[in-house]
1. Starting from the stretch 104-116, take each residue that is more than 18 Å from Asp89 (Cβ to Cβ) and assigned by TED's automatic domain parsing to the domain that holds Thr88 and list its partners that are buried (at least 17 other Cβ atoms within 10 Å of the Cβ) and modelled with pLDDT under 70, counting only C-beta distances under 6 angstrom and pairs at least six apart or across chains.
2. Among the residues of the stretch 2-9, is there at least one that is touching a Leu at 6+ places or on another chain (Cβ under 7 Å) and free of Cβ contacts under 8 Å to residues at least 24 places away in the same chain?
3. Here are the criteria: (1) surrounded by fewer than 17 Cβ atoms within 10 Å (Cβ to Cβ); (2) of a type outside the set (A, V, I, L, M, F, W, C); (3) within 19 Å of Gln108 (Cβ to Cβ). Tell me which single one Gly3 does not satisfy.
4. Identify the single condition in (1) among the β-branched types (Val, Ile, Thr); (2) surrounded by 17 or more Cβ atoms within 10 Å (Cβ to Cβ); (3) assigned by TED's automatic domain parsing to the domain that holds Pro100 that Ile37 does not satisfy, given that it satisfies every other one.
5. Is it fair to say Ile4 is closer than 22 Å to Tyr63 by Cα and at pLDDT below 95?
6. Filter the stretch 64-82 for residues that are in contact with a strand residue (DSSP E or B) (Cβ under 6 Å, 6 or more places away or on another chain) and under 22 Å from Pro100 (Cβ atoms); which is surrounded by the fewest Cβ atoms within 10 Å (Cβ to Cβ)?
7. Scan Gly57, Gly46 and give me the residue that is surrounded by 12 or more Cβ atoms within 10 Å (Cβ to Cβ) and in contact (Cβ under 8 Å) with a residue 12 or more places away in the chain.
8. Answer with yes or no whether Asp52 is surrounded by fewer than 15 Cβ atoms within 10 Å (Cβ to Cβ) and under 25 Å from Arg29 (Cβ atoms).
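The values are calculated or read from the model by the stated rules, or taken from the named source; none is laboratory data. Everything numeric in this text was worked out from a predicted model, so none of it was measured. All Cβ positions, glycine included, derive from the backbone under ideal geometry; neighbour counts span all protein chains shown.
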Amino acid sequence: MSGIVFFGTADRERVVSFYRERLGFVVWREQDAGCTILQHDDLKLGFCTSEDVDTEGIVTLYYPTRDAVDGVHAALTDIADGAPRHNTDYDIYQFFAVDPDGRTLEFQTFLDEPAE
């Protein structure tokens, strides 16, 4: 099964540019009704022009290694909440940031072995 998470945004052009330029998303589909669907690997996010801005929830992007998380952090230090850290509750290495609408972004890698 595939899916897309949609968010309302008052400034679609700015938000789409942020996800493309800062996070490496590509445009998967433009919809005439005012929505842009972006894709990064198997994650699709849709941003639709709206007077109401959706900022609930967390958009989590995960990477294969700590080094990869550190690399993303180096590129996003201006919006990061601090250095990446080990979260012992979930056995992940993570940091948080915010997008132009104020949505919470999480960047992480899983430190445990995946279940088979």
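1. Cβ pairs passing all conditions: none.
2. no
3. Looking at each condition in turn, Gly3 falls short on (3).
4. Unmet condition: (3).
5. The answer is yes for Ile4.
6. Here the residue is Asp81.
7. Gly46
8. Answer is yes for this residue.
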